[in-house]
Amino acid sequence: MSSEHGVEHYHPIDAKILDKKSDLVFNIFSKVQDDSEDRFILYASKEPRYREKVRELLQSSDFTEELYIHEEDLTLYFDHATNSLRDYVINSDAPPEKKMEKVYDLSRDVTQQFFDTNASPEILRGSDKVVDLMGKCLDNNELGFYGLTKIMEKDYYTYTHSINVGLYCMSFAPKVGIPADEVHELGLGGMLHDVGKSKIPREIINKEGALTEEEFEVVKKHTQSGEEVMKELGCYGEKAIQMVGQHHEKYNGKGYHRGLTGNDIALFARICKLADVYDALTTRRSYKKSLKTLEALTIMKSKMEHEFDPKLLNAFIRFMGPQG
């Protein structure tokens, strides 16, 4: 049993997080190279008649080879992976950083696929479950900010930046009195704050080097586009939507896309802006090196202070500073 579709139709999966006791709901493939051409061969079938054989195969295999699924099964895979990870996060004796590392990897995969599949709403909805797992990893306070930063991707990509911002928002929230029952929505809004960039031409988003004025005007539309995407999906709260639409507003009123001033900017959006700028400064890009924590905070305080809520900025500096 085999399939010979092009490689663009298949997606690599983390076979280690497959639940080896449950039934497969998607086919799994392995890749072989034949005459300089990749072919994908059925490795494990979802058909009921193969159920016991597949279980034995998955339980005995050490998964040294990379495995794949067809792209049409991405949503099923993410649901399966999230459920499997939930059990691991709740019941495993693994260290907190190991749990968060696995959750981070899955969230990176979910977010990257969202941007790579033209903003598939089915994949985007998986973000909610991932943020819930992030919250569970942060709940016991054992991970800490330093442990969190060791896990985060240090190169800037839209999808990894989105995850980092969500995690910074969630870990900072208790320091400024955000109620525990609202931290999930804050993290979700942070993770989805750049969702509107899925509507921006890829050549602009992936451009190496500084943008032209014309390109920057196109990019600025992502806050309004993001609001529209979130509202169309109809499954996100107002505070998360405000984060998406207002995270580029500045406290002095010179931001976009509405030019809001001071506390007219939603609280969650003001928090998101701090996390957004901090992560942008501390991750590498093709045209700039990453800054250390102290360097980034110094710039935010000395050169960008007018952009932020001053009380939140000072709290953010106290939260981040000791680990710089």
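Elements of the type helices (runs of 4 or more DSSP H) sitting completely within segment 24-135 and holding at least 3 residues that are under 26 Å from the mean Cα position of the chain (by Cα) and surrounded by fewer than 20 Cβ atoms within 10 Å (Cβ to Cβ): these cover 74-91, 96-116.
Pairs are defined by a Cβ separation below 7 Å, a sequence spacing of at least 6 or placement on different chains, a first member in segment 174-194 that is under 14 Å from Asp139 (Cβ atoms), and a second member that is among the small types (Gly, Ala, Ser) and surrounded by 14 or more Cβ atoms within 10 Å (Cβ to Cβ); the pairs so defined are Val183/Gly135; Val183/Ala173; His184/Gly135; Gly187/Gly135; Gly187/Gly166.
Restricting attention to segment 99-141, the residues being of a type in the set (Asp, Glu) and more than 15 Å from Leu167 (Cα to Cα) number 3.
Given the structure, is Ser302 more than 19 Å from Ala173 (Cα to Cα), surrounded by fewer than 17 Cβ atoms within 10 Å (Cβ to Cβ) and at pLDDT 95 or above? Criteria met by Ser302.
The values are calculated or read from the model by the stated rules, or taken from the named source; none is laboratory data. Being a predicted model, the structure only gives us computed values, none of them experimental. Positions of Cβ are backbone-derived with ideal geometry, glycine not excepted, and every protein chain shown enters the neighbour counts.
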